[in-house]
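To start, the structure itself, in structure tokens.
The values are calculated or read from the model by the stated rules, or taken from the named source; none is laboratory data. Treat the numbers as computed from the prediction; the structure is a model and nothing was measured. FYI the Cβ positions are ideal-geometry reconstructions off the backbone, even for glycines, and counts take in every protein chain you see. To get the accessible areas, we keep the full protein, side chains included, count just its heavy atoms, and leave off ligands, DNA and RNA. Shrake-Rupley method; radii C 1.70, N 1.55, O 1.52, S 1.80 Å.
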Amino acid sequence: MAEVSAAEQLDVVQVNPAKGIQTDDVYSEPKSFTHNTQTFTQESMRDLPVANAYEMLDYATGAFIQTQGRKSPYFASIRAGSNLGIIIDGAYLPPPAASKVLMQLPVTAIDSMTIVRDASALNLGPLTSIIGPMTSSRTEGFIVIKTQSGFKKPNRELHAKVGSYRQFEVDTSLSGKFSDEVAGRVVFAHQQKQGPSDYYNDYRRDVGLWKLEGLGENYDWQVNFFHADGEKGLQQGLDTSGVSDAKWRYDPLKMRMINAQAGYYWNQHSTTAVRLSHTQSDALLQKYSHSNPDAYAEEKTEEEFINFDLSHALNQELAGGQNSLRFGYNSMWYHNPTGMLYYPGWERKEQIQALYLQNEFRQQRWSIDMGLRADKRTIDKGYEQIGSQRRLIEDVELDTLLTGALGASYQLTQQDLLTLRILYTEQQPVSVYTLNNDQLEQENRLRTELGWSRKWLVSPYYSLKTTLTGFHERLKNGAYVAGQVDDPQDTESKINVYDNASWTNRGFEIEVEGGWGQFSYGVAYSRVSPGDTPTGVVNVPESLVRARIGYQTEPWQFNLGARNMDEFISANKAGMGSAGGFTSYDASLGYRFKRSGLSHHLVFSAKNLTDQKYETVYGFPSEGLNLGVDYYVRF
């Protein structure tokens, strides 16, 4: 299950209209990102039992997902940061919509998924969340997903799966060329699962993805439409969860996304790209009670998000090297008239306007890059609530978040690559309540990262590569909620009182990967030390281990994966408790064969082999052992 290396992904991106990747050229990252970028292909996602893109993150270095049963079924974090930018075929998704898309997008529709463990990728998206607190909500990384192209194989594929707890899935992927320059692909899927009888986490959904793309001599374009319609029960928590009596489910749960992107190749030095996406999510949360059959309440959410991005790339030979300049404008609008998650019934409307610039100069053995970005966030309508505090927010312009980034890479030897990344941000907290109405200090963030990789063995029959990455981040004068006071205009309300504090986050990652003949292997150890924050460190395992081993022959494939995490403090509605502290094993056995000119693939899988009821959120145990059988046929 060897994933594609970041270096291979980055180096192939060039301005070449014959390949139709002009938009990729504007979207690519400098070489200094090699050590904090990891890409999984669709084939590697099939090697182990993965139900959706979120679960693949469990095998990404430095990434951590939490599954639980409240209003959002998945939470993801990278290097202890939970604010991630999610991008699918150029469409940037806001946090609530991202979780719904990633848990419903069929794996068969995904061509690749790239995890960027660094927020200094300034051309990917905003460095602050479109939905977040009044103070800065710092982006910690990005997840970039590309769906299958109509120009590539397989032309036709059928997939079916049966598994534990009445799991049943069937999906089909069909592609075709209308001409040498226009192709399309459609993916249809039906997914359902009952789940353990006392978990109430069943789901059923019907999903469709329509993709049309064109490739001309001087341009390329792409239009996607994604639709999902279904229902989902939310897992019942234990008594320790604080919500054990909640019998909640989303019915209906609908998701629609349409996005278009195009690139125009002016000449061998100049490319322009434009992206426009519209995402809409409608869901009804039905709130029943396990103890009181007559109790019922509901929350309706209607989310709408629009993203527009216009960018340009200039590539020229300069001083014996290659210089790439990328700059652009990014605009986002979010609207939820009915409220979302923890703000039910209160309209929320926000926008971000941004400008960015990124330049890289490459020589044969070294490269240097720099970037600038300015994110201006405006809360048109909002509602801030923490604890019992209530506060309406209207027409508040937050201070512009200014970001600067530097990077460098150096090919020390043919086997050794060194990288450096530096990120700096600053923002002045505004429109927040403080004691004595004092102005909060300006918030500054400085992040430094060093990476070293070495290819110890390279041959057609065996390979060994190690990567070591270390990072240190300091947040100076970070704004946080220090307490609450009575609202003089509303005796039943509280007002949050903000203050400044400084803290650090540091860590490192060690990766070993390679192969020997038909065997492949990979081990990754990541550790973070968030330091003491004013509100305490919760929901962050300090160490994560990811390991896998594979054996491949022409007909047979065997893969074994292991995940380990430290015990950590987890917070829920009832308070705090311990989560993590477990090792889980997954395995699969596949067999490929051909009959009547068709390619068949059978995969037998086991997730959580030791049947542990581990918890990634306190009070919400996992399902335990899940068995499954997948069948693929290509024709």
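Flag: Ala80 matches the condition of being over 26 Å from Gln148 (Cβ atoms), open to solvent by 10 Å² or more (accessible area, probe 1.4 Å) and of a type outside the set (S, T, N, Q).
Within segment 433-459, residues that are among the small types (Gly, Ala, Ser) reach partners that are at pLDDT below 85 with beta carbons closer than 9 Å, at six or more positions or on different chains, in the pairs Ser453/Ala7.
Taking the numbered list (1) closer than 22 Å to Thr403 by Cα; (2) modelled with pLDDT under 85; (3) touching a Phe, Trp or Tyr at 6+ places or on another chain (Cβ under 8 Å); (4) not aromatic (Phe, Trp, Tyr) in turn, Leu93 passes all entries but (2).
One residue stands out in segment 238-248 among those that are of a type outside the set (S, T, N, Q), at pLDDT 90 or above and out of contact with any Leu (no Cβ under 6 Å at 6 or more places or on another chain): the one that is least open to solvent (accessible area, probe 1.4 Å), namely Ala246. In segment 151-177, the qualifying residues are those that are at pLDDT 95 or above and part of a loop (DSSP other than H, G, I, E, B), and the one that is least open to solvent (accessible area, probe 1.4 Å) is Ser164.
Filter segment 593-610 for residues that are over 20 Å from Arg546 (Cβ atoms) and surrounded by fewer than 16 Cβ atoms within 10 Å (Cβ to Cβ) and give the result. Phe593, Lys594, Arg595, Ser596, Gly597, Leu598, Ser599, His600, Leu602, Phe604, listed by residue number.
Yes/no per residue for (1) in contact (Cβ under 8 Å) with a residue 60 or more places away in the chain; (2) farther than 30 Å from Val497 by Cα; (3) under 24 Å from the mean Cα position of the chain (by Cα):
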site	(1), (2), (3)
Pro530	yes, no, yes
Ser543	no, yes, yes
Ala547	no, yes, yes
Gly550	yes, yes, no
Glu554	no, yes, no
Phe558	no, yes, no
Asp566	no, yes, yes
Ala571	no, no, yes
Gly575	yes, no, no
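Is there a residue being of a type in the set (Lys, Arg), in contact with a Lys or Arg (Cβ under 6 Å, 6 or more places away or on another chain) and closer than 19 Å to Tyr632 by Cα anywhere in segment 182-191? Taking every residue of segment 182-191 in turn, at least one turns out to be of a type in the set (Lys, Arg), in contact with a Lys or Arg (Cβ under 6 Å, 6 or more places away or on another chain) and closer than 19 Å to Tyr632 by Cα. Evaluated against (1) modelled with pLDDT under 95; (2) surrounded by fewer than 16 Cβ atoms within 10 Å (Cβ to Cβ); (3) in a strand (DSSP E or B), Tyr551 falls short on exactly one condition, (1).
Among the residues of segment 258-276, is any within 21 Å of His190 (Cβ to Cβ) and either at pLDDT below 90 or open to solvent by 60 Å² or more (accessible area, probe 1.4 Å) (or both)? Looking through segment 258-276, none of the residues is within 21 Å of His190 (Cβ to Cβ) and either at pLDDT below 90 or open to solvent by 60 Å² or more (accessible area, probe 1.4 Å) (or both). Scanning segment 278-299 for residues that are open to solvent by 60 Å² or more (accessible area, probe 1.4 Å) and under 25 Å from the mean Cα position of the chain (by Cα) gives a single hit, Gln280. Identify the residue in segment 506-524 that is more than 21 Å from Leu457 (Cα to Cα) and open to solvent by 20 Å² or more (accessible area, probe 1.4 Å) and, among all such residues, is modelled with the highest pLDDT. Step by step, filter segment 506-524, then rank; the result is Phe508. Considering only residues that are open to solvent by less than 10 Å² (accessible area, probe 1.4 Å) and not in a strand (DSSP E or B), look in segment 614-635 and name the one that is farthest from Gln557 (Cα to Cα). If we take residues in segment 614-635 being open to solvent by less than 10 Å² (accessible area, probe 1.4 Å) and not in a strand (DSSP E or B), then Gly619 is farthest from Gln557 (Cα to Cα).
Going by the conditions given, is Asp611 under 18 Å from Gln167 (Cβ atoms), more than 23 Å from the chain's Cα centre (by Cα), assigned to a loop (DSSP other than H, G, I, E, B) and touching a residue at least 12 places away in the same chain (Cβ under 8 Å)? Yes, satisfied.
Residue-level check: of (1) in contact (Cβ under 8 Å) with a residue 24 or more places away in the chain; (2) in a strand (DSSP E or B), Val430 misses just (2). The set of residues in segment 426-458 being open to solvent by less than 40 Å² (accessible area, probe 1.4 Å) and not hydrophobic (A, V, I, L, M, F, W, C) consists of Gln427, Pro429, Thr434, Glu443, Asn444, Arg445, Arg447, Glu449, Gly451, Ser453. Scanning segment 144-196 for residues that are over 24 Å from Met113 (Cβ atoms) and among the β-branched types (Val, Ile, Thr) turns up Val162, Val182.
Residue pairs whose Cβ atoms lie under 6 Å apart, separated by 6 or more positions or on different chains, with the first residue in segment 371-393 and modelled with pLDDT of 60 or more and the second among the basic types (Lys, Arg), are Asp380/Lys349; Lys381/Lys349; Gly382/Arg348; Glu384/Arg391. Being part of a strand (DSSP E or B), closer than 27 Å to Leu234 by Cβ, open to solvent by less than 50 Å² (accessible area, probe 1.4 Å) and not β-branched (Val, Ile, Thr) is the requirement here; does Ser588 meet it? So Ser588 does not fit the description; no.
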